[in-house]
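The values are calculated or read from the model by the stated rules, or taken from the named source; none is laboratory data. Since this is a predicted model, take the numbers as computed values, not measurements. A quick note on method: Cβ atoms are made from the backbone with ideal geometry, for glycine too, and the neighbour counts reach across all protein chains shown.
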Amino acid sequence: MRADGIEPSTFALSEQRSPTELRAQIFKIVTILTQTYSKGQEPDKLTFSEFKFKIRFEMQKTARIAGVTVIGFILRVLVIGFAIIFIYNYINPPNKIRQYNDSQRQRDLNLIADKLELYFSSNGVYPPSSGTDNSRQGNNCRGDFGNGWNTNAGLYQALVGAGFLEGLPTDPINKTGFCYTYQGSSCSATGCSRYILWAPLEKAKVNYVCRDPRDCSEEVIR
């Protein structure tokens, strides 16, 4: 205990303390000194000039600590930002969606092609086609008549009406430029001896094409 009744530890401004704790300790020292002088006592071995020096030193140290904290926060934000950009570019969600859609188109056309072969085995011909035999009900996938196959067209009647399928699948997007199209060729009154079934892929300038007898593959648009 000092002569003025103040514990020496009160003035020990530890470097291990946080900025908030340092501010609280400085406020405590000021309060004690004010009370000491108000009683007409002189603080022992600590002049105001020394105390102001300590305050200035601690405020500079507090500023340095705060600066380091801000810099650390900025660095963490930058690291997280770069990580997000890297992960996004690596995963590339839009490209993954396009790949998924193209895979779905291939699965759908393979299914229809399988059912066309079953129909051919039962009837000796492939279904007839009309100008609206696609999943947009219009030429070149630009039909505005409905978002699905024409239920009165040859393919729908042959596969769904005869029970080979519960329903004809449609393109994942099924909007202008993206749909499934069926076209028979070498046709007679009872049906066609050949067919082509295709779907534009989101992969640039590529169609997925199925031909008789059950031959499906990607073809580059020339």
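Screening Ala66, Ala83 for residues that are over 34 Å from the mean Cα position of the chain (by Cα), of a type in the set (A, V, I, L, M) and either surrounded by fewer than 18 Cβ atoms within 10 Å (Cβ to Cβ) or at pLDDT below 80 (or both) leaves exactly one candidate, Ala66. Selection of strands (runs of 3 or more DSSP E) fully inside the range 128-222 by the criterion of at least 1 residues being basic (Lys, Arg) and either within 15 Å of Ala113 (Cα to Cα) or modelled with pLDDT under 85 (or both) returns 192-200, 206-211.
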